[in-house]
There are 2 protein chains.
Amino acid sequence: MLRVLKFGGTSVGSLDRISNVANIIKKQKDQNDDLVVVVSAMSGETNKLLAYAKHFSSTPNKKDVDMLLSSGERVTSALLSIALNEMGYKTISMSGAQAGIKTDDDYTFAKIESIDTTNIKNCIKDGYIVVVAGFQGKNISNNVTTLGRGGSDLTAVALCGSLDADICEIYTDVDGIYTTDPRVVPTAKKLNQISYDEMLELSSLGAKVLQNRSVEMAKKLNVKLVSRSSFTPDVCGTTITKEENIVEKPIVSGIALDDNQVRVGIYKVIDKPGIAGSIFSKLADEDINVDMIVQTVGVDGLTDLDFTVPIDDLIKTKKVMDSFKDSSENIDYNEHITKVSIVGLGMKSHAGIASKAFSAIANEGINIRIISTSEIKISMIIDKDKSKRAVKALHSVYGLDK
Amino acid sequence: MLRVLKFGGTSVGSLDRISNVANIIKKQKDQNDDLVVVVSAMSGETNKLLAYAKHFSSTPNKKDVDMLLSSGERVTSALLSIALNEMGYKTISMSGAQAGIKTDDDYTFAKIESIDTTNIKNCIKDGYIVVVAGFQGKNISNNVTTLGRGGSDLTAVALCGSLDADICEIYTDVDGIYTTDPRVVPTAKKLNQISYDEMLELSSLGAKVLQNRSVEMAKKLNVKLVSRSSFTPDVCGTTITKEENIVEKPIVSGIALDDNQVRVGIYKVIDKPGIAGSIFSKLADEDINVDMIVQTVGVDGLTDLDFTVPIDDLIKTKKVMDSFKDSSENIDYNEHITKVSIVGLGMKSHAGIASKAFSAIANEGINIRIISTSEIKISMIIDKDKSKRAVKALHSVYGLDK
């Protein structure tokens, strides 16, 4: 069995934690599995280096930033290899470039274009545990590039796909994906299995654990992902796999909260044809990811438009919206909202899921501002101060506490 | 004019010191010079990483050690490039591999085999300041290698030679080479010029500044070296160049002290033919660098042998010497000695230099235990507790105070 294991920054955050990771690897290797290990920089290291760069420039040259940041993962890979070697294993540390990871030229946010696995495959054949510095590759000009946030996960998933490995285990300090945020609902349960699509829709639950980019790539490459913890390695994690592999499809898998949205309202828009289209295309030009949209045409023929954008894009959004001031009566912004989402594969085949949610929310006396639905998700915008109550009610009404 | 500048660990030891280095470079670039800059890791960084490695293993895998240690210089090169870029210069940071430095496979102590300067030359042509991570290269298997102690100086000298650059300036926290150690003789003077051979013989004076490996390579490649300080960049340093370039050849250039030698004595050696040869070949087999040797054959036909070895090799030396116990009456070791050397090109053409030294030492009532001479050097072994007095007397008798 060929496994790709990936250990995040907290898992390798100190020398003792690296020893702990070496012990996890030892257990797997002693079962005669072939192993490729991908590591992040020790926690805090990337931020420290980035702060150094910012000391000199608020907009440091991206090529240099990649030279700078890529060093953190190289250090961890070397240290872990040294630790494993001392335990008696044949090990080798590799940079992204040595692992054959070729990217485009988009420094600090490069995309993997191809992977030449010859070097890794030869080392595996020779019995080596291969320890790869995550988050990095090289471009056609032989310069080091980094893959952006979640880049080490991407490295692991892409290697798993290219090597046709059996499993990709992502170790963090959390032992899997829960039915909802356990800080909000203490009775939240860990899921054993979840589909890629559910995971993508539950991204706010998994954000600390797995970024959407990696899940999307895992889906594309059909990589079986496991989210587990290096702090409790004996606990089974959550397997993220394709829908067909999930035997018992729950109606609702989880309830996600997203506090990082702002609701934008633009009211009594003069009903010029295409004005909504022009708002959204201008927002898209600024790379603002518009999420939920509701349009209401009143009896007066004027249009009200509500939508949400990420809170980090609020300033950019306001700039765009200002250019539509004269075409409307009023524009407002509400940061005191939360998006609550119900996600489950079973929604496809079960009716009445939504109405159950709406009554549960109504019973709590909570107003729903915006609703949007997809095949496997129902999302609602509600007031932020009532969001925890809403999540608890939903978690209970769908039987996730049990 | 094409200059290679090299900044050591103390010179780039903090973010403020890196800014200072950027200002030194700015001044030179503004004179329209082309610049290749070689940097060390920030001071303390290499030792920190090495301590991390030693945490896991007392004999860490050398290949991994090189992956680990090479990251320090990469960080500095990226940061310096970012700082210069912010000041408005076109800059690029390069790893040793990107700078075209190809080495053999001797991890942690690799030798430079060749340099492909295409990449650097193209960047210079395009107006870039090229900032190279020192101390490293890559071998034929595309693995990163490091060059051992003084490796960043070697990088700079080798690049200067390969690029046929005009000068190689080595910046440290010392502003040049002195006639002797200023801590011993406060009237010691900074030398303006010195030949490669003198520098090699005065290595103990320059050890903090320039290692013999780099001076030897500079001599071989005919690289004009300048030792100067990044802390006082307006002070001229010491130029190390070939003898022909030195107009006024001083009789004595400097007085060196070496406290790191041990005198080994083996007495009444049974006069088997070749026993001295067999002692020295066994020491050589152990990589012990025997320095000064005196052999005395007594009237009884038995031989006394005195020689010095580096103090770091004492344990290895004792082990070798033990195998000759039965062939001699007695073996002893004296750590309380110092080697004092008088170095100067003028010795070649002036007689009486040695006798002047011997009388100066005798006038101080100091015994000389061993003497050895070369074309441009006279070395004497004396008691350690009298070494400072000896150096002061010699410094004065050769007029170096003036």
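So here's what we get for this one:
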{"item": "Hits in segment B:332-355 (condition: surrounded by 17 or more Cβ atoms within 10 Å (Cβ to Cβ) and either in contact with a Cys (Cβ under 6 Å, 6 or more places away or on another chain) or farther than 12 Å from B:Ile251 by Cα (or both))", "result": "B:Ile337, B:Thr338, B:Lys339, B:Val340, B:Ser341"}
{"item": "Residue selected from segment B:134-164 under the condition small (Gly, Ala, Ser) and either surrounded by fewer than 24 Cβ atoms within 10 Å (Cβ to Cβ) or within 13 Å of chain A (Cβ to nearest Cβ) (or both), by the criterion nearest to B:Arg213 (Cα to Cα)", "result": "B:Gly150"}
{"item": "Whichever residue in segment B:101-133 is part of a loop (DSSP other than H, G, I, E, B) and touching a helix residue (DSSP H, G or I) at 6+ places or on another chain (Cβ under 6 Å) and, among such residues, is surrounded by the most Cβ atoms within 10 Å (Cβ to Cβ)", "result": "B:Tyr107"}
{"item": "Options B:Gly148, B:Gly127, B:Gly134; residue that is at pLDDT 95 or above and either among the hydrophobic types (A, V, I, L, M, F, W, C) or under 30 Å from B:Thr108 (Cβ atoms) (or both)", "result": "B:Gly134"}
{"item": "A:Lys339 vs. criteria under 22 Å from the mean Cα position of the chain (by Cα), modelled with pLDDT under 95 and among the charged types (D, E, K, R)", "result": "yes"}
{"item": "Pick from segment B:26-56, criterion assigned to a helix (DSSP H, G or I) and of a type in the set (S, T, N, Q), ranking: farthest from the other protein chains (Cβ to nearest Cβ)", "result": "B:Gln28"}
{"item": "Residue tally, condition over 21 Å from the mean Cα position of the chain (by Cα) and either modelled with pLDDT under 95 or of a type in the set (D, E, K, R) (or both), over segment B:93-124", "result": "5"}
{"item": "Scan of segment A:230-285 for residues that are surrounded by 17 or more Cβ atoms within 10 Å (Cβ to Cβ), out of contact with any helix residue (DSSP H, G or I) (no Cβ under 8 Å at 6 or more places or on another chain) and among the charged types (D, E, K, R), ordered by number", "result": "A:Arg263"}
{"item": "Restricting segment B:87-104 to residues that are within 22 Å of A:Thr145 (Cα to Cα) and of a type in the set (Val, Ile, Thr), the residue that is farthest from the other protein chains (Cβ to nearest Cβ)", "result": "B:Ile101"}
{"item": "Selection from segment A:9-25 of residues that are among the β-branched types (Val, Ile, Thr) and either within 9 Å of another protein chain (Cβ to nearest Cβ) or closer than 23 Å to A:Ser70 by Cβ (or both)", "result": "A:Thr10, A:Val12, A:Ile18, A:Val21, A:Ile25"}
{"item": "Single residue of B:Asp313, B:Asp401 found to be touching a helix residue (DSSP H, G or I) at 6+ places or on another chain (Cβ under 9 Å), surrounded by 14 or more Cβ atoms within 10 Å (Cβ to Cβ) and more than 17 Å from B:Arg263 (Cβ to Cβ)", "result": "B:Asp401"}
{"item": "Unmet criterion (only one of (1) under 23 Å from B:Leu69 (Cβ atoms); (2) at the interface with chain B (Cβ under 10 Å from one of its Cβ atoms); (3) hydroxyl-bearing (Ser, Thr, Tyr)) for A:Thr59", "result": "(1)"}
{"item": "Residue match in segment A:233-253 (condition: out of contact with any Asp or Glu (no Cβ under 8 Å at 6 or more places or on another chain), among the acidic types (Asp, Glu) and at pLDDT below 90)", "result": "yes"}
{"item": "Any hit, segment B:76-86, residues being under 20 Å from B:Thr117 (Cα atoms), in a helix (DSSP H, G or I) and more than 8 Å from chain A (Cβ to nearest Cβ)", "result": "no"}
{"item": "In segment B:199-220, the residues that are among the polar types (S, T, N, Q) and either touching a residue at least 40 places away in the same chain (Cβ under 8 Å) or closer than 10 Å to B:Ile177 by Cα (or both)", "result": "B:Ser203, B:Ser204, B:Gln211, B:Ser214"}
{"item": "Residue count for segment B:252-275, restricted to those that are assigned to a loop (DSSP other than H, G, I, E, B) and closer than 26 Å to B:Ala390 by Cβ", "result": "4"}
{"item": "Qualifying residue in segment A:131-150 (condition: touching a residue at least 12 places away in the same chain (Cβ under 8 Å) and within 23 Å of A:Leu191 (Cβ to Cβ))", "result": "yes"}
{"item": "Residue check for B:Asn32: at pLDDT below 95 and surrounded by fewer than 20 Cβ atoms within 10 Å (Cβ to Cβ)", "result": "yes"}
{"item": "Whichever residue in segment A:348-392 is in contact with a helix residue (DSSP H, G or I) (Cβ under 7 Å, 6 or more places away or on another chain) and free of Cβ contacts under 8 Å to residues at least 24 places away in the same chain and, among such residues, is nearest to A:Leu200 (Cα to Cα)", "result": "A:Thr373"}
{"item": "Filtered residues of segment A:63-121 (kept if closer than 24 Å to B:Asp64 by Cβ, among the charged types (D, E, K, R) and without any contact (Cβ under 8 Å) to a residue 12 or more places away in the chain)", "result": "A:Glu86"}
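The values are calculated or read from the model by the stated rules, or taken from the named source; none is laboratory data. Remember, predicted model here, so these are calculated numbers, not experimental data. Every residue, glycine among them, receives a Cβ derived from its backbone with ideal geometry; neighbour counts consider all protein chains shown.
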